[in-house]
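Visitor: Would you mind keeping the following structure in view while I ask a few things?
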Amino acid sequence: MIIVMRIGAPEEEVDAIVKQIESSGATAHIDHGSERTIIGIRSARHDLDESMFRLLPGVEDVKRISKPYKLASREFHPANTEFNVGGMEIGGKKIALMAGPCSVESEEQIVEVAKAVKAAGATCLRGGAFKPRSSPYAFQGLGEEGLKYMQTAGKVAGLPVVTEVMRIDQIDMVCKYADILQVGARNMQNYDLLKELGRIGKPVFLKRGMAAMLEDLLMSAEYLLAGGCEQVILCERGIRTFETATRNTMDIASVAVIKRFSHLPIVIDPSHAAGTVEYVASLALGAVAAGADGLMIEVHPNPKCAKSDGQQSLTPPQFAELVQRLKRVAEAIDREV
Ligand code: PEP
Ligand code: MN
């Protein structure tokens, strides 16, 4: 951290700041310039808060040099985090393909999708049993019944399953049925939920909030890692911008930025970014070309009758065709689908 003093700040003000720095266990390095003094702070502590210096007399500005997250940072963990969940590899050469309906609607529906996406090349089954809907009148998910169908479908197809948990009191139940717990965009900053999820020892799929910066996403991942969860998968699902042609704006740069600053795998969800079937393939192909570690794609056997997000759901044949195209892009960048 660097403290920039106001021009002409008296020596007493500099001394007071140095005392404050030393009392927090850090060391101060003073540089008396011709116009102003600059104080560098060296500390092993990651929780040193810049706001404690900002209001001190004589301070012009405080700049943080190191990132506010530690465990999620590439500085702390230079190699990519790679792991295997129920047969799905993530973070390495192989690109994870998570596919399935927005909502689990019935046992037949989810088993049918599971078999179809597995045959097409998916490595994980997705589906929501607890749905965060914008309208309280919209389908809210089948709850535990949906989780049971999801688990059955995963077993039938031989795929691990990922599903959303919305509240702390749902964690134990969801853990009984799911291999990976999804934190949705609306809950990315539900820190109490993240703290609990950190403790349970299951992989967590953390979606970026629709108005969250990438640093916010990494701070949320830090909660999980600090709690003891090592298997965190980040997901870019589009953010809110002034553009309304797509449901959200897919931030393709998130892949490069996350790779630069973090060791955690990053997955792109082109379905919630596009919001329309027509754009899903293009965003998915771009995501793989950009270096994403996986995709999460909504697939429904009969999108017209879907209880949620039918407008952005591919049919199983559309998904199978897309996988063939993804294979070619992956090969071009020395990855595998
Ligand atoms: C979902 O995956 O179906 C979902 C609700 O996603 P998000 O939290 O990104 O809106
Ligand atoms: Mn959805």
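Visitor: Filtering the stretch 325-336 down to residues that are under 27 Å from ALA245 (Cβ atoms) and of a type outside the set (Lys, Arg), which residue is surrounded by the fewest Cβ atoms within 10 Å (Cβ to Cβ)?
Guide: VAL329
Visitor: Here's another thing I want to ask about it. Out of (1) crowded, with 22+ Cβ neighbours inside 10 Å; (2) touching a residue at least 40 places away in the same chain (Cβ under 8 Å), the odd one out for GLY141 is which?
Guide: Answer for GLY141: the failing condition is (2).
Visitor: A follow-up question, please. Is there a residue being open to solvent by 50 Å² or more (accessible area, probe 1.4 Å), under 30 Å from HIS300 (Cβ atoms) and small (Gly, Ala, Ser) anywhere in the stretch 85-101?
Guide: Yes, there is a match, as at least one residue in the stretch 85-101 is open to solvent by 50 Å² or more (accessible area, probe 1.4 Å), under 30 Å from HIS300 (Cβ atoms) and small (Gly, Ala, Ser).
Visitor: Next question, about the same structure. If only one of ASP47, ASP31 is within 30 Å of HIS263 (Cβ to Cβ), free of Cβ contacts under 8 Å to residues at least 12 places away in the same chain and either in the same structural domain as ARG260 (by TED's automatic domain parsing) or open to solvent by 50 Å² or more (accessible area, probe 1.4 Å) (or both), which one is it?
Guide: ASP47
Visitor: Quick one: THR163 ticks every box in (1) β-branched (Val, Ile, Thr); (2) under 13 Å from VAL104 (Cα atoms); (3) away from ligand 2 (no atom under 16 Å from the Cβ) except a single one, so which number is it?
Guide: (3)
Visitor: What pairs come out if I take residues in the stretch 211-230 that are more than 12 Å from ARG199 (Cβ to Cβ) and charged (D, E, K, R) and pair them with residues that are open to solvent by less than 40 Å² (accessible area, probe 1.4 Å) and in a loop (DSSP other than H, G, I, E, B) whose C-beta lies under 6 Å away, six or more apart or interchain?
Guide: GLU222/TYR69; GLU222/ALA72
Visitor: Can you name the condition, by its number, that SER254 falls short on among (1) open to solvent by 10 Å² or more (accessible area, probe 1.4 Å); (2) touching an Asp or Glu at 6+ places or on another chain (Cβ under 6 Å); (3) within 30 Å of LYS67 (Cα to Cα)?
Guide: Of the numbered conditions (1) open to solvent by 10 Å² or more (accessible area, probe 1.4 Å); (2) touching an Asp or Glu at 6+ places or on another chain (Cβ under 6 Å); (3) within 30 Å of LYS67 (Cα to Cα), the odd one out for SER254 is (1).
The values are calculated or read from the model by the stated rules, or taken from the named source; none is laboratory data. What you see is a predicted model, and the numbers here were worked out from it, not measured in a lab. Using ideal geometry, Cβ is built from the backbone for each residue, glycine included, and neighbour counts are taken over all protein chains shown. We work out accessible area using only protein heavy atoms, side chains counted, and drop any ligands, DNA or RNA first. Shrake-Rupley method; radii C 1.70, N 1.55, O 1.52, S 1.80 Å.
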